[in-house]
Amino acid sequence: MIWTRFFRAFARKTRTRKWRSTSRARATAMKRARGAKGSGEFISPICTGCASGKGVSCTPDGGSSAPCAQRVGCLPEVKVYIRCWGARGSIPVSGQEYLKYGGDTACLEIRTAANDTVVIVDAGSGVRPLANQLVEEGRRDYTFLFTHAHWDHILGFPFFKPLYSPRNSIKIYGCPISQGNMQTLLSKTMSAPYFPVPFEEVRASIGYKEYCDKPLVIDGMSVETIPLSHPNMGVGFRFTERDRRFVFLTDNELGFRHPGGRSFEEYARFCEGADLLIHDAEYTLEDYAQRRGWGHSTFEQAMNLALAANVGLVGLYHHNQDRPDAEVDFMVERARNLAEQRGSATSCFGVSQTWSVTL
Ligand SMILES: [Zn+2]
Ligand SMILES: [Zn+2]
């Protein structure tokens, strides 16, 4: 038992070392690959040997150990990549006290292992810098998933640059329980007198698709949902690719069951064995005494869920707009102590808007 724990802890430590990769480095690798083979042609980012199938193997730097006509197919193995672009809840903030965790609101970037498809989860203010990077990479296809339509999760949508080019294609998946039809909700963010450019002037081709009841598969990555316990409802996501599992539950109140919400045990089952869980941890116990029923969890509740579900790594997310970096650090420390007291190897960190990981 002790040895099992030791090895689990060691494996996690080893995994954390891989966090250092940045989206820019990855983008450069992908760009190099596209340039080598010509635009528009698919290149698998997975290093499976040269496509000629003549037994030429890849070296760790993505090169080939022998001449091969199709050696551009050889790239280092790339796994699921997740990057946060906004970890703040409710409203964007700025100032010296927010430099570490950032001031942009909810936005995540997920790149599939199979084909480097970019999935964007929520379009808070963090989607603006993400859009800039994707445009720089020369991307034309974009995929959005939304947890719900509260302002902090959609306010960046009108500032998503690819909307305004006819060469771009944008797929938006919406679950009707997230406050209704996503198409209508997003178009309302671009209506007078709240925004000067009407939705009709969007030039990209936009496709809406409703899903919810069965798992969605995006480029080999399975996406399952669970209703959130949150005012006006919403959905949480479980992303699975190969043996890797990531659960994203923001705006989820574990201590209060809102209409449509699930029990703690059901959320624990949904998160069971995840490599990574990012969960709402907006409050301290002291805050929560005043804000029960507002739709958010304490860091203790988030950590309890991670422990109950045997999650490898849990990220505290949706930082309160008035929470300075030092206080988030303190919450992380206390959550880690909780895991230690229970003898658990579950690791904990505070999600910042520049954080990234490869799973
Ligand atoms: Zn929110
Ligand atoms: Zn919300």
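Kirkwood radius and radius of gyration were both taken over the C-alpha atoms of the range 213-359, and their ratio Rg/Rh is 0.95. Put simply, the amide H of ILE218, placed in the peptide plane, has neighbours under 5 Å in VAL223, leaving out anything fewer than 5 places away on its chain. Neighbour counts of other Cβ atoms within 10 Å put TRP85, TRP294 in the fewest-to-most order TRP294, TRP85.
Semi-axes of the equivalent ellipsoid for the range 79-353, computed as √(5λ) from the eigenvalues of its C-alpha gyration tensor and ordered from largest down, come to 29, 20, 18 Å.
Near the amide H of GLY236, within less than 5 Å, lie the amide hydrogens of ILE226, LEU228, all on another chain or at least 5 residues away, with H placed in the peptide plane.
Throughout, read-outs are computed from the coordinates displayed, never taken from laboratory work. The structure presented is a predicted model; accordingly, all values stated were derived computationally and were not measured. Ideal geometry is used to build each Cβ from the backbone, glycine not excepted, and the neighbour counts take in all protein chains shown.
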